[in-house]
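The values are calculated or read from the model by the stated rules, or taken from the named source; none is laboratory data. Keep in mind that what you see is a predicted model, and the values were worked out from it rather than measured. Because the Cβ atoms are built from the backbone with ideal geometry, glycine has one as well, and the counts that use them run over all protein chains shown. Accessible surface areas use protein heavy atoms only, side chains included; no ligands, DNA or RNA. Shrake-Rupley method; radii C 1.70, N 1.55, O 1.52, S 1.80 Å.
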Amino acid sequence: MSGTDFLPKITIPDIFARKKEGRRISMITAYDYPSAQVADDAGIDIILVGDSLGMVVLGYENTLKVTMEEMIHHTKAAARGRKRALLIGDMPYLSYHTSVEDAVRNAGRFVQEGGAEGVKVEGGRKRVRVIRAILDAEIPVMGHIGLTPQSIHMMGGYKVQGRIFEKAEELVRDAKILEEEGVFSIVLEGIPDELSRIISSELKIPTIGIGAGRYCDGQVLVFHDLLGFNSCYLPKFVRKYANLNDEVKSSIRRFISDVQSGDFPSDNESYSLPRDVAEKLLMKYGVTAAD
Ligand code: KIV
């Protein structure tokens, strides 16, 4: 029995309704069975199998190298660990840029093979045709605007977006266009506080922020950032709730030392033969108790 066994499964309409109810949405990324299981058990609302997988788990320098095969592999694992949370798959770079047909087929793979209940697509008005087609295939879509990591080369780096008036207005319009198309929520990444406040108040669908301040209808963090399970630079918007990297490293160091000293394994951590069998064997092979 786990912590959320008595709670009902979270659905897309539940997430949509949260905004009216004024209940903030919690979302975390997860990329495998244990991370999805622990997040689900803790009571998270949405698990996103983000393409941050590429940087956080696979060690790529950015998210552009992540493939559909990698995303499906990890979505399947996360789906096996999740019981209650809504599971969203992140469409990787080039899985929806080449044609509407490719986009629908790839979105469908997240649902059919991966076990996700919806997909996330980066980009604003440029993505309208693709988002419409995915929705037409009965697949819920989460939008994602602002600092969209798949556009790193166009943006010239991971830079806060919407800082000048015209760009801020463009983002407000993008958010409204995505809402009109029918996305059920929008991730706002790397934009100023005041701008996400305006967008969130202009929309009926919930906004979920990451580096977008306090006025969003929900917040998302990357699993490894939240837990301090990495040693890389973390942007200022990350709140670290643990320092797993240090904890894991010191545990592994203690294991190494116990192995080297012979302290591990102890008698309690070993299996033994029935006494008569042991005595017979030890005698036959000439091994004394001290050996
Ligand atoms: O891939 C990811 O982890 C994301 C979140 C940061 C929203 O897109």
The stretch 37-50 - phi-based ³J(HN,Hα) in whole Hz, Karplus 6.51/-1.76/1.60, Gly and Pro as x: 5, 6, 5, 5, 5, 6, x, 5, 7, 10, 10, 9, 7, x
Linear extension gain, F264 paired with S201, 0.36 nm per residue minus alpha-carbon span: 16.8 nm
In nm, spacing of pseudo-spin labels at S257 and K236 (7 Å Cα→C-beta vector): 3.8 nm
Near-label residues of the stretch 236-270 by backbone N, under 20 Å of a point 7 Å along Cα→Cβ of A278: 262-270
1.4 Å probe accessible area per residue over the stretch 133-291, in Å²: 65 Å²
In nm, spacing of pseudo-spin labels at E169 and R214 (7 Å Cα→C-beta vector): 3.0 nm
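Suppose the chain between E113 and H97 were pulled fully straight at 0.36 nm per residue; how much longer would it get relative to their current alpha carbon spacing?
My answer for the length gained is 3.7 nm.
Rounded to two decimal places and with Rh computed the Kirkwood way over Cα pairs, what is Rg over Rh for the chain?
My calculation of the ratio gives 1.14.
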Proximal lysines relative to K249, as straight alpha-carbon distance under 22 Å, when same-chain residues fewer than 8 apart are discounted: K240
Accessible area of the chain belonging to carbon and sulfur atoms, whole % at 1.4 Å probe: 54 percent
DSSP beta bridges in the chain [antiparallel fraction, %, rounded to 5]: 5 percent
Förster radius 35 Å - calculated FRET efficiency between D246 and K9 (Cβ-Cβ, nearest 0.05): 0.45
